[in-house]
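Scroll down for the structure; my scribbles are underneath it.
The values are calculated or read from the model by the stated rules, or taken from the named source; none is laboratory data. As the structure is a prediction and not an experimental result, all values here were calculated from the model. Don't worry about glycine lacking a Cβ; one is built from the backbone with ideal geometry, like all the others, and counts go over all protein chains shown. Side chains included, ligands, DNA and RNA excluded: accessible areas come from the protein's heavy atoms. Shrake-Rupley method; radii C 1.70, N 1.55, O 1.52, S 1.80 Å.
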Amino acid sequence: MQNALILIIEDEPEIAEILERYLSREGFRVVSAGDGATGLAHHQRLRPDLVLLDIKLPGQDGYDVLAALRRRGDTPVIMVTALAEDLDKLQALRIGADDYVVKPFNPLEVVARAKAVLRRTLGRTDGQVLRAGPLQVDPQAHRAAVEGPAGTVVLDLTPTEFRLLAHMAAAPGRAFERSELVDACLPEGEALDRTVDSHISNLRRKLAAAGADGLLAGVRGVGYRLESRLESRLEGRP
């Protein structure tokens, strides 16, 4: 769960600030939105690990936002709302909420609920070999290899290169911002965007030498993406 990104969609600034403060203390990265449209835009761009979502929002209400999130995928969502009726809870759970917290709340309880949901969701890949095209990444064995016609080529990676590759292999096809890769994968002493570029350059060279040239793509104006198939085209390498 370390460095997990949590998106708060809440129109009351005081409540959002309290949640941000308590979550940040626990080491989470936090971003907030004051309405549903902005929240959905943040979700599309940042791909958070968890969403804390109010129901009474200006414009699109929380139910509409939750339905939109579920059409996009399975990002876990905890409703944080003043609506305490069982009917409201059942509707949210039916649409796809993972948990439901009623206002006024104890911020420590919200943090505990967030940790519990993240343990369940981020643990889905524990012990599993991650795959992206011909690439296989085994986090437990700390081993990455490329499968090709001539056999398996094991990649000789530095610890940082392996962390970057494993982080992206957990979500093939997703575009990762440089800042996210810095937060998730780089030690504090080398936490610079240009350092990410250097590590990515080395990874590209090693993947190409193993027969997987083009698997690690640049996304113009964003960062990098690990393609789900080797034959995918690159999109504007930075």
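When only residues in the stretch 25-36 that are out of contact with any Asp or Glu (no Cβ under 7 Å at 6 or more places or on another chain) and open to solvent by less than 60 Å² (accessible area, probe 1.4 Å) count, which is farthest from Arg71 (Cα to Cα)?
Gly27
Looking at Ala16, is it farther than 19 Å from Pro107 by Cα and modelled with pLDDT of 90 or more?
Against the criterion (farther than 19 Å from Pro107 by Cα and modelled with pLDDT of 90 or more), Ala16 does not qualify.
Here is a check on your reading of the model: is Ala144 assigned to a strand (DSSP E or B) and more than 30 Å from Glu17 (Cβ to Cβ)?
yes
Determine if the stretch 55-72 includes at least one residue that is free of Cβ contacts under 8 Å to residues at least 24 places away in the same chain and either assigned to a loop (DSSP other than H, G, I, E, B) or charged (D, E, K, R) (or both).
Applying the first criterion (free of Cβ contacts under 8 Å to residues at least 24 places away in the same chain) to the stretch 55-72 yields 71.
Still in the running and either assigned to a loop (DSSP other than H, G, I, E, B) or charged (D, E, K, R) (or both): 71.
Within the stretch 55-72, one or more residues are free of Cβ contacts under 8 Å to residues at least 24 places away in the same chain and either assigned to a loop (DSSP other than H, G, I, E, B) or charged (D, E, K, R) (or both).
In the stretch 193-230, how many are among the hydrophobic types (A, V, I, L, M, F, W, C), part of a strand (DSSP E or B) and within 13 Å of Leu165 (Cβ to Cβ)?
Of the residues in the stretch 193-230, 2 are among the hydrophobic types (A, V, I, L, M, F, W, C), part of a strand (DSSP E or B) and within 13 Å of Leu165 (Cβ to Cβ).
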